[in-house]
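Single-structure report; data block below.
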Amino acid sequence: MSDNILNVSRRGFLQGIVSTGALVLSVRMIPEVLWAAETSAGSHADRAVLRPSVFVGIDTDGTVYLVAHRSEMGTSSRTSVPLILADELDADWKRVKIEQAMGDPRYGSQDTDGSHSVRDGFTTMREAGATARLMLTQAAAQKWGVPVSECESDLHVIVHRPSKRKAGYGELASAAAKLPVPKKEDLQFKPKSAWRYIGKGTSSYDLVDLCTGKAGFGMDARLDGMVYASIEHPPVLGGKVKSYDEKAPLQVKGVKQTIPIKPFTPPHHFQPLGGVAVIADNSWAAFQGRKKLNVAWDNGANASYNSDQYKKELQDTARKPGKVVRNIGDVDTAFAKGGKVIAADYYVPLLAHATMEPPVALADYRDGKVTVWAPTQNPQAVQETVGEELGIPKENVTCHVTLLGGGFGRKSKPDYAAEAAILSKAVGKPVKVVWSREDDIKFGYYHAVAAMYMKALVDEKGKPTAWLQRSVFPPIGSTFALNTTYGDAGEMGLGWTDLPFDIPNHRAENGPAENHVRIGWFRSVANIYHAFAAQSFANELAHASGRDSVEYLLELIGPARIIDVKASAPDYDNYDGSPAEYPLDTARMRRVVELAAEKAGWGKRKMGKGSGMGIAVHRSFLTYVATVAEVEVDDKGEVKIPAVHTAVDAGTVVNPEATRAQFEGAAVFGTSIVRSGAITAKNGVIEQSNFHDYPVARMNEAPYKTSVYMVDSDAPPAGVGEPGVPPFAPAVCNAIFAATGKRIRELPLSKSSANT
Amino acid sequence: MMQIKVNDVARSFDGDPNLPLLWYLRDVLGLTGTKFGCGMALCGACTVHQDGKAIRSCVTSVSAAAGKEITTIEAISKNGLHVVQQKWIEYNVPQCGYCQSGQIMQAISLLKEKPRPSDEDIDGGMSGNICRCGTYQRIRAAIKAAAGEQA
Ligand code: FES
Ligand code: FES
């Protein structure tokens, strides 16, 4: 345990003692001492008496320390993943203390994205829990001199069945610690019927703190003697500072100095954007100081980027043959035969994450080492990025993970943490970098703008015999490698190459597009525009032949079967899930369609004038979701969403309460995408800046009620944080068509105007 | 020198009188329960009470709050959890939770004005508070439950 680091934590943050000059306040800013592991020498779990894995430690007082190695951004990872271990350990949840892991490769991947924390953790956590439980059982058997087979756990105690003797976990911890750690083959998992927590619904470990202002977000991190920084970033991606006024900002009361930050070396990756930082003794003074910097910029090549022009280019590309990413049969020959052809273009703009907590990080650099407190989805990426920026080994970067005020993929990219580290080194003090909302909207890693072209040949019953789909978007790969213009297998697998329709001639293509802004992951990623195009177009075909939308959709999906996607799309990666464990199963897809339709009263209810229902189904992150949206469109074209019915098959659901919340939230997130979300650029500069020109859904615009129906399943757990988003927009747009006869092919509505 | 009462403690401040109350609370006093979301009165994350009524602290300068009584989320539960907080917990409202201090302060203020709020009253009172995680449905349910309880 290094004294230096211990002292850092003692200097206020962990104890929550804030000193402001003569005035000393005792403010608790963290739920408890365990909120961030205290030293790089180890966690509380490591220091416990019995510690059979890095994820669990049991002390003689019976306290069970569980390490949350994934980040908490509102999806409940910090609760739901340790909950799996607690269940298998048969621990009393009330005696569990959750400790947030620092960035450390010994926990494996800590990347909290891709809706895979529960999926990844399910086996690991159960193994750790079963290991600890077996060691405690063996210790009890030894103590009583009885066979292990006569002993079993019962909520934090081991019981000897024949004699009814009991011993608590705390009492057994020391003896258990002396035993060898059992081999994996010797572990026995609890049967599903014995699960105490999994599938039952558990509220957030931090719930009370979140309702009392005590929870510790990145924005709330403080250290004695720290200063605040706000950064004027280049308005155009790749821009450089030519000159600026060093003196004028100092006229602002509280501003201490200005510091230039070097521009990134392309590709931008997670590097800071560069610019000029203003250092001050509070956030607001730093914001004010920026207004006096008067920076002259060399904007560079991206200054020619205009969203209007770019949109035309994408749409033109979408009309030209692209790279084939999936092929079944022969689309060209089928189309050449002639018949009824239907074609349509779809478009989704750039989107910004707009996490409620803007990017923010606190860093303290001293003697070649740096400690960072950041709301990050990936602390190991913080270590790597900060290490590279400062030219120090990543082992010398300690990253504490705070709670995140929303993530949605933005906080997978640690550029802001690197800024804090660079500035702390330059200033010689702890520095907190605070992004304003304007910074957040203007300098994001945006969700890609995309144009899709769809074309189908239909038979006399309206069923497609040939189907061509083409999507064009600036790929996320452009963030990591120059001249990347095509989507990778991962992006294409997000709802494009895996479209499970039963069509004899089917081809998916991807066209090239250059990036002029930073492109990044955004809740459900390419699934958003792919599902919008595929599910809207499917609905267009249904209406073109006068068919019921649900019945037609089921016919498109076709009979229950397992689809071998790789046979037609060799690069398909199935979200890194093995096809044996996570097959693409149309029976499950059909079931969610039927369930959502049934619950919504599809076809059984009379919808009034201006009202309608729409359906969409989509599999993403290995979870099947069907959504029926009800809309009401008034004379002015204003759209209300009184009800949403979502059916979900996510395999084994660890935390139904959190899962329900994720799908409710996804409907609101989807509402923002449908109604108003659009980022645009003029001369390379983002035109939006705050919630007035980048509106997100408010209470009066959000669905009034979202009902979530979960399919009971023994399949392995799949994702729940993201999969609610993709089917939402097409369900609403299909409902708008049912209500008004107006087809929405471009998002958001405010641009497409349902009002005509 | 300005006098301002925060959570029942009288304080004096001689810094920039234009400093928004939000940053005075957060950066100077270390009362970080009140959040920054937009700085333009667009999101409600910074909501506190001034003489018992909800205001946006990001657009209220310290000088404008001088002589007033300010209450933040940290002090709303000084005599045990407020009924609104209790209902927030019962209905599992928060996801990330970042907006919730502001939502709770706004809801308490709304219920003072409208002890039995209709759906329209709730829309009217709460639509200035953004929740990017989308917890509106639970917020509405929790407000109705709190209204039932305090009546
Ligand atoms: S921060 Fe004050 S309303 Fe958004
Ligand atoms: S709970 Fe995350 S913004 Fe409201």
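Taking 7 Å along the Cα-to-C-beta vector as the label spot, tell me the A:His692-A:Lys200 distance in nanometres, rounded to one decimal.
About 5.1 nm, to one decimal.
Based on the Cβ-Cβ distance from A:Leu482 to A:Ser578, what FRET efficiency comes out when R0 is 41 Å, to the nearest 0.05? Don't skip to the end; give the middle numbers.
Working: r = 33 Å, r/R0 = 0.81.
After rounding to 0.05, the efficiency reads 0.80.
Let me know the mean shielding of A:196-207 by other chains, meaning the per-residue number of their Cβ atoms within 10 Å of its Cβ. Walk me through the numbers before you get to the answer.
Values: counts 0, 0, 0, 0, 0, 1, 1, 5, 6, 0, 3, 7.
Taking the mean over all residues of the peptide, I get 2.
Report the Cα-based extents of chain A along its three principal axes, largest first, to the nearest Å.
80, 79, 46
For A:Asp548, A:Asp113, write out the residues from largest to smallest accessible area, computed with a 1.4 angstrom probe and no ligands counted. Numbers along the way, then the final one.
On the way: A:Asp548 65, A:Asp113 35 Å².
Greatest to least solvent exposure: A:Asp548, A:Asp113.
Set the Förster distance to 45 Å, then compute FRET efficiency between B:Lys112 and A:Leu179 from the Cβ-Cβ distance, nearest 0.05. Intermediate results must be reported in sequence, preceding the final value.
Numbers: r = 60 Å, r/R0 = 1.34.
That pair, B:Lys112 with A:Leu179, gives E of 0.15.
Report the full-extension gain for the segment A:Glu514 to A:Lys240: residue separation times 0.36 nm, less the Cα-Cα distance, to one decimal in nm. Could the numbers behind the result be given before it?
Details: separation 274, 0.36 × 274 = 98.64 nm, distance 2.07 nm.
The span from A:Glu514 to A:Lys240 would gain 96.6 nm if fully extended.
Going by average Cβ neighbours within 10 Å, how do the peptides A:60-70, A:193-203 rank, with the highest at the top? Don't skip to the end; give the middle numbers.
On the way: A:60-70: 23.1, A:193-203: 16.3.
Ranking, from highest mean packing down: A:60-70, A:193-203.
Ranked highest first by average number of other Cβ atoms within 10 Å, how do A:43-53, B:114-124, A:468-478 line up?
On the way: A:43-53: 20.4, B:114-124: 14.6, A:468-478: 25.5.
Going from most to least packed, we get A:468-478, A:43-53, B:114-124.
Using only the alpha-carbon atoms, how far is helix B:100-113 inclined from the longest principal axis of chain B? Give it as 0 to 90 degrees, nearest 10.
Taking Cα atoms only, the helix is inclined about 80 degrees.
For chain A, what is the relative contact order in percent, using Cα pairs closer than 8 Å and at least 6 residues apart in sequence?
Details: 1808 pairs, mean separation 99.7, N = 756.
Computed value for chain A: 13 percent relative contact order.
With Cβ to Cβ distances under 12 Å as the rule, what net charge do the other residues near A:Leu499 carry (K, R +1; D, E -1)?
Net of charged neighbours comes to +1.
Could you list, in their original order, any pairs among A:Lys97/A:Lys425; A:Lys640/B:Lys144; A:Lys442/A:Lys609 whose Cα atoms are separated by more than 31 Å? Mind showing how you got there, number by number?
On the way: A:Lys97/A:Lys425 34 Å; A:Lys640/B:Lys144 21 Å; A:Lys442/A:Lys609 41 Å.
Listed pairs above 31 Å: A:Lys97/A:Lys425; A:Lys442/A:Lys609.
How shielded is B:121-132 by partner chains, expressed as the average number of their Cβ atoms within 10 Å of its Cβ atoms?
Details: counts 0, 2, 6, 2, 1, 3, 5, 2, 2, 9, 10, 16.
That average works out to 5.
In nanometres, what is the gap between the two model label sites at A:Lys636 and B:Val59, each 7 Å from Cα along Cα-to-Cβ?
Between A:Lys636 and B:Val59, the simple spin-label model gives 2.1 nm.
Kindly give the semi-axes, whole Å and largest first, of the ellipsoid equivalent to the range B:2-75, taking each as the square root of 5 times a Cα gyration tensor eigenvalue. Numbers along the way, then the final one.
Details: eigenvalues 55, 35, 25 Å².
Taking √(5λ) for each Cα gyration eigenvalue gives 17, 13, 11 Å.
When ranked by the protection proxy of mean other Cβ atoms within 10 Å per residue, highest first, what sequence do the peptides A:301-314, A:175-188 form?
Working: A:301-314: 15.9, A:175-188: 12.7.
Top of the packing list down: A:301-314, A:175-188.
If r is the Cβ-Cβ distance from A:Ser163 to A:Asp712 and R0 is 35 Å, what FRET efficiency results, to the nearest 0.05? Please list the in-between numbers first.
Values: r = 39 Å, r/R0 = 1.10.
In this case the efficiency is close to 0.35.
Give, rounded to the nearest 20 debye, the magnitude of the charge dipole that the range A:208-328 has about its Cα centre when Lys and Arg contribute +1 at Cβ and Asp and Glu contribute -1 at Cβ. Display every interim value, and only then the final one.
On the way: 17 positive and 11 negative charges, 81 e Å.
The calculation lands at about 380 debye.
How large is log10 I(q)/I(0) at q = 0.11 Å⁻¹ when the Debye formula is applied to the Cα atoms of chain B, each weighted equally and without solvent?
Scattering profile of chain B, log10 relative to I(0): -0.39.
What number, rounded to the nearest 500 deg cm²/dmol, is the helix-based mean residue ellipticity at 222 nm of the protein assembly as shown, given -39500 (n - 2.57) per DSSP H run of at least four residues and division by all its residues?
Numbers: 25 runs with 261 residues, N = 907.
The per-residue figure over the protein assembly as shown is -8500 deg cm²/dmol.
With no solvent and one point per C-alpha, what does the Debye sum give as log10 I(q)/I(0) for the range A:71-185 at q = 0.16, 0.20 Å⁻¹?
Summing over Cα pairs of the range A:71-185 leads to -0.78, -1.06.
According to a simple spin-label model (label point 7 Å from Cα along Cα-to-Cβ), what is the distance in nm between A:Asp459 and A:Lys323?
The answer from the label model is 3.5 nm.
Mind checking which aspartates and glutamates have their Cα closer than 20 Å to the Cα of A:Lys455? Skip sequence neighbours fewer than 8 apart in that chain.
Of all the aspartates and glutamates, those that pass the test against A:Lys455 - Cα under 20 Å, at least 8 places apart if same chain - are A:Glu313, A:Asp316, A:Asp330, A:Asp332, A:Asp345, A:Asp498, A:Asp502, A:Glu509, A:Glu540, A:Glu555, A:Glu746.
Take every Cα pair under 8 Å in chain B that's 6+ residues apart, average their separations, divide by the length, and report that relative contact order as a whole percent. Write down the numbers at each step before the final one.
Numbers: 251 pairs, mean separation 37.0, N = 151.
This gives 25 percent for chain B.
Positive end of the dipole of the protein assembly as shown, charges at C-beta (+1 Lys, Arg; -1 Asp, Glu), about the Cα centre: which of A:Leu482, A:Pro375, A:Ser750 has its Cα farthest in that direction?
Farthest along the dipole direction, towards plus: A:Ser750.
Take peptide A:543-550, look around each residue's Cβ out to 10 angstrom, count Cβ atoms belonging to other protein chains, and average those counts. Intermediate values should be presented prior to the final figure.
Details: counts 0, 0, 0, 0, 0, 0, 0, 0.
Mean inter-chain Cβ contacts per residue within 10 Å come to 0.
Please report the antiparallel percentage of the DSSP beta bridges confined to the protein assembly as shown, to the nearest 5. Before the final figure, lay out each step's value.
On the way: 99 of 131 bridges.
Antiparallel bridges: around 75 percent, rounded to the nearest 5.
Can you give the relative contact order of the range A:33-209 as a percent, counting alpha carbon pairs under 8 Å and 6+ residues apart?
Values: 299 pairs, mean separation 44.8, N = 177.
Value for the range A:33-209: 25 percent.
Relative to the present Cα-Cα distance, how much length would full extension add between A:Val146 and A:Glu313 at 0.36 nm per residue of separation? Intermediate values should be presented prior to the final figure.
Details: separation 167, 0.36 × 167 = 60.12 nm, distance 7.67 nm.
Between A:Val146 and A:Glu313, full extension yields an extra 52.4 nm.
Taking amide H atoms as placed 1.01 Å from N in the peptide plane, list the residues 5 or more away in sequence, or in a different chain, whose amide H sits under 5 Å from that of A:Tyr446.
Placed amide hydrogens put A:Arg518, A:Ile519, A:Gly520 under 5 Å from A:Tyr446.
Say a paramagnetic label sat at a point 7 Å from the Cα of A:Leu155, along Cα to Cβ; which residues of the range A:186-226 have their backbone N under 14 Å from it?
A:195-197
If you take every residue apart from A:Glu722 with its C-beta less than 11 Å away from the C-beta of A:Glu722, what net charge results, scoring Lys and Arg +1 and Asp and Glu -1? All intermediate terms of the calculation are to be shown ahead of the outcome.
Values: positive: A:Arg523; negative: A:Asp113.
Neighbourhood net charge equals 0.
The values are calculated or read from the model by the stated rules, or taken from the named source; none is laboratory data. Note that the structure is predicted; figures quoted are calculated from it, not measured. Please note: Cβ atoms are built from the backbone with ideal geometry, for glycine as well, and neighbour counts cover all protein chains shown. SASA here: full protein model, heavy atoms, side chains in, ligands and nucleic acids out. Shrake-Rupley method; radii C 1.70, N 1.55, O 1.52, S 1.80 Å.
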